[in-house]
Amino acid sequence: MSKFYNSQRIRNLYAPQSGELFKISRTKIDLFLNCPKCFYLDRRLGINQPPSFPFSLNAAVDLLLKKEFICLSKALIVPIASIERRRGI
């Protein structure tokens, strides 16, 4: 994992011996419904879930746009978007 990622947390943990009310967000309730063990690890032991992978759609769109502009530059075709931008439309 990254040196910036720390899975162990000490704040906002549930302590049964404490008499205080414990606040839970909607996302944590959803976490409990999806995976009770993950909820226990998160709220009781302070072990967060690992971060998710980067949004792959952005990478896919980036790759497709690069391919398109490479094809257009080889054919010496100017994209309409760049013409409109130059005209200030």
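The values are calculated or read from the model by the stated rules, or taken from the named source; none is laboratory data. Not measured: the values here are computed from a predicted model. Reconstructed Cβ throughout: ideal geometry from the backbone, glycine too, with neighbour counts over all protein chains shown.
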Where the second residue is among the aromatic types (Phe, Trp, Tyr) and in a loop (DSSP other than H, G, I, E, B) and the first is in contact (Cβ under 8 Å) with a residue 12 or more places away in the chain and assigned by TED's automatic domain parsing to the domain that holds Arg9 and lies in region 24-49, which pairs have Cβ atoms under 8 Å and are six or more apart or on separate chains?
Arg43/Tyr14; Arg44/Tyr14
Would you check which residues across region 7-20 are closer than 15 Å to Cys38 by Cα, surrounded by 10 or more Cβ atoms within 10 Å (Cβ to Cβ) and out of contact with any Pro (no Cβ under 9 Å at 6 or more places or on another chain) and list them?
Arg9, Leu13, Tyr14
So, in region 25-80, how many residues would count as being among the aromatic types (Phe, Trp, Tyr) and modelled with pLDDT of 75 or more?
4
Any idea how many residues of region 21-44 are under 17 Å from Ile10 (Cα atoms) and loosely packed, with under 12 Cβ neighbours inside 10 Å?
2
